[in-house]
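Enquirer: My structure is below; once you've seen it, I'll send some questions.
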Amino acid sequence: MSVFAKTDFAEGLAPTALDAKLDGWRAATSGRRELFVDPERGAWLRAVATRLRVDPTLQPLVQKIEDALDADPTPDAMRAFLEALDNAVEQAYPWITAVRRHQGYAAGITSDHNLDAVDVGILRQIEDDSVSNPDTAAIVNEALSHLKGRTLLTSIQAAAMYDVYGEALVQRLLRQRFGEALTIRKVKSKTSAPDFECVLAVDNQRGRTTPLTFYVEVKTLDVAGGAATHDLARETALDVNIDLESQIEGGKRVAFAAREMAPWRRPGDRDYRSDSLRFIAERCIDRCKNVFKATQFKLGPTFACIVFVRTQSFDQGPAAVFPTAYDLEADACLSGFIYMTAFGRIGWQVHQRPGFEGAGTLDGVLTREGLLVDDAVGLNAAGLLVLDYQRGYRLDGVYDSLWTDVNFRWSNIEAEDVLSLACDAWNDLENSNPGKVW
């Protein structure tokens with residue numbers, strides 16, 4: 001399950017001078033609950049102090065924070081500290097602030113899947129990147145355009161914001177994987193075009209004697225049913241909150257209620273099977289064929305990129321890029337989710353983890369052609385990238401080693417160069433890479 005990925009908010013942040021001042025405040029106010037600064041506030045303080053090193057516009061607010069922490073610990077000093085910190089966070093992290101504001105509008109009434117599925121820890125890193133990267137800053141501003149208003153977003157607005165968030169995740173992860181060797185920029189085009197242009201620098205040790213240009217088209221898959229499913233989930237969350245409130249008013253000391261978000265189930269869907277690898281793969285293939293357009297793959301060698309963090313894929317790790325792979329826990333060979341999504345053929349047998357000891361693995365036969373091999377779709381894609389969260393962010397990839405682009409002088413050599421640097425696990429249609437992954 002990849003929904004609600006959570007990155008440690010303070011990941012990558014070293015202690016600052018303000019941490020020491022906060023420690024002194026906590027020591028002086030030990031036992032005084034009204035002056036207690038919780039760990040979340042402490043993490044925000046470290047983030048703001050770290051940001052100050054590259055964003056001097058925060059200096060006046062940071063100075064107010066310091067003054068409050070240096071003052072005698074009183075309720076007035078506490079209020080001054082919290083006000084200055086909140087203002088600094090809002091200035092430094094407007095995207096996170098807007099998401100939390102809209103979550104606040106829903107609090108105690110309902111909830112929104114798109115808002116709740118934002119990983120604030122990784123979003124903090126994205127907003128930090130925006131200080132020095134104009135393309136990231138433009139992505140942040142695009143997201144903010146969907147987060148305006150002083151009432152809860154509509155499901156359509158929240159989904160549009162999350163689509164931008166998916167692009168930001170891909171941009172950040174690619175920059176992490178390639179490092180300074182990669183220049184990545186948002187393609188500015190009003191016509192149908194991929195999302196990102198990427199240029200890999202010369203690397204003589206890897207045999208790359210000229211810069212390598214490629215493109216990435218990102219699709220952050222939404223739940224089945226789109227806005228209708230999100231609206232239904234909001235209604236269900238409202239009913240749950242009413243039920244909880246009713247239980248408490250009825251005298252229960254502990255109230256319980258449950259709700260479900262099934263990313264691949266459409267409203268009224270009676271055939272839904274959350275445990276079926278074949279069913280989820282077919283839903284995924286259908287969705288990909290609806291959102292990827294052949295016209296988005298004409299600018300140059302272009303990778304299709306699926307982002308799963310709002311929905312769910314099967315937690316298979318590197319095994320997902322192979323046609324079949326042995327699963328130690330299941331003691332059986334299982335079909336690879338990513339490989340099947342890209343290269344599956346009608347009539348292929350699908351093998352999934354057995355539901356109980358002694359059960360078979362056969363999950364029927366595939367009734368769809370994979371995204372990269374369906375002639376009716378006609379995607380001239382250099383390969384397929386998949387971003388998912390499985391106890392950490394993963395980027396996996398597959399490609400057809402026989403695919404070439406004579407106009408841009410691309411072959412399997414260039415595709416492998418990209419995938420081997422970008423991906424945790426990668427493979428090709430011929431299944432020629434298992435020994436390089438395990």
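The values are calculated or read from the model by the stated rules, or taken from the named source; none is laboratory data. These numbers come from a predicted model, not from an experiment. Cβ: placed from backbone, ideal geometry, glycine included. Neighbour counts: every protein chain shown. The accessibility values were calculated without ligands, DNA or RNA, using every heavy atom of the protein model including side chains. Shrake-Rupley method; radii C 1.70, N 1.55, O 1.52, S 1.80 Å.
Enquirer: Which value, in Å² and to the nearest 10, is the accessible area of Asp203 when all protein chains are kept and the probe is 1.4 Å?
Expert: My reading of the accessible area for Asp203 is about 40 Å².
Enquirer: Let me know the Kirkwood hydrodynamic radius for the stretch 29-106, please, with Cα pairs as the basis and the value in Å to one decimal. Walk me through the numbers before you get to the answer.
Expert: Details: mean 1/r = 0.0754 Å⁻¹.
It works out to 13.3 Å.
Enquirer: Still on this model: Say we join alpha carbon atoms closer than 10 Å with springs in a Gaussian network model of the chain; which of Ile338, Ile248, Ile126 then has the biggest fluctuation?
Expert: Looking only at Ile338, Ile248, Ile126, the biggest GNM fluctuation is shown by Ile248.
Enquirer: In vacuum, with every alpha carbon of the stretch 29-186 counted as one equal point scatterer, what does the Debye formula give for log10 I(q)/I(0) at q = 0.10 Å⁻¹? Two decimals, please.
Expert: Summing over Cα pairs of the stretch 29-186 leads to -0.43.
Enquirer: Also: On the protein heavy atoms, probe 1.4 angstrom, tell me the percent of accessible surface of the chain carried by carbon and sulfur.
Expert: 51 percent
Enquirer: Working only with C-alpha atoms, what are the Rg and Dmax values of the chain, expressed in angstrom?
Expert: Considering the chain through its Cα atoms, Rg and Dmax are 24.3, 74 Å.
Enquirer: Kindly sort Lys219, Lys252 by accessible area of their heavy atoms, largest first, with the probe set to 1.4 Å.
Expert: Highest to lowest solvent-accessible surface, that is Lys252, Lys219.
Enquirer: If you don't mind, there's one more thing I want to ask. Counting heavy atoms of the protein chains only and a 1.4 Å probe, report the per residue accessible area for the stretch 87-242 as a whole number of Å².
Expert: Solvent-accessible surface per residue comes out at 42 Å².
Enquirer: Continuing with this model, one more query. Rounded to the nearest 10 degrees, what's the angle between the helix 94-106 long axis and the longest principal axis of the chain, both from Cα atoms, 0 to 90?
Expert: Tilt of helix 94-106: around 80 degrees.
Enquirer: When Rg is the radius of gyration of the Cα atoms in the stretch 122-204 and Rh is its Kirkwood radius, what does Rg/Rh come to?
Expert: We get a ratio of 1.03 for the stretch 122-204.
Enquirer: To continue, here is another question. Taking Cα atoms, how many degrees apart are the long axis of helix 134-144 and the longest axis of the chain, rounded to 10 and kept between 0 and 90?
Expert: 70 degrees
Enquirer: Mind checking which of Ser192, Ser145, Ser246 has the largest fluctuation in a GNM of the chain, springs on alpha carbons under 10 Å?
Expert: Among Ser192, Ser145, Ser246, the largest GNM mean-square fluctuation belongs to Ser246.
Enquirer: Expressed as an acute angle from 0 to 90° and rounded to the nearest 10, what is the orientation of the C-alpha long axis of helix 120-129 relative to the principal long axis of the chain?
Expert: Once rounded, one gets 90 degrees.
Enquirer: If you don't mind, there's one more thing I want to ask. Using C-alpha positions alone, give me the convex hull volume of the stretch 343-438 per residue in cubic angstrom.
Expert: Spread over its residues, the Cα hull of the stretch 343-438 gives 140 Å³ apiece.
Enquirer: Just to confirm the filter: which trypsin sites (Lys or Arg not before Pro) across the stretch 18-116 are DSSP coil and have at most 13 other Cβ within 10 angstrom of their Cβ?
Expert: Of the trypsin sites (Lys or Arg not before Pro), the ones in loops of the stretch 18-116 whose Cβ has at most 13 other Cβ atoms within 10 Å are Arg32, Arg53.
Enquirer: Per residue, how much space in cubic angstrom lies within the convex hull of the C-alpha atoms of the stretch 276-400? Before the final figure, lay out each step's value.
Expert: Working: hull volume 12.8 nm³, N = 125.
Measuring per residue, one finds 103 Å³ for the Cα hull of the stretch 276-400.
Enquirer: Quick one: of Lys6/Lys64; Lys219/Lys298; Lys148/Lys188, which pairs are farther than 27 Å apart, Cα to Cα?
Expert: Lys6/Lys64
Enquirer: Same structure, new question: Gaussian network model of the chain, Cα springs within a sub-10 Å range: biggest mean-square fluctuation belongs to which of Ser276, Ser30, Ser130?
Expert: It is Ser30.
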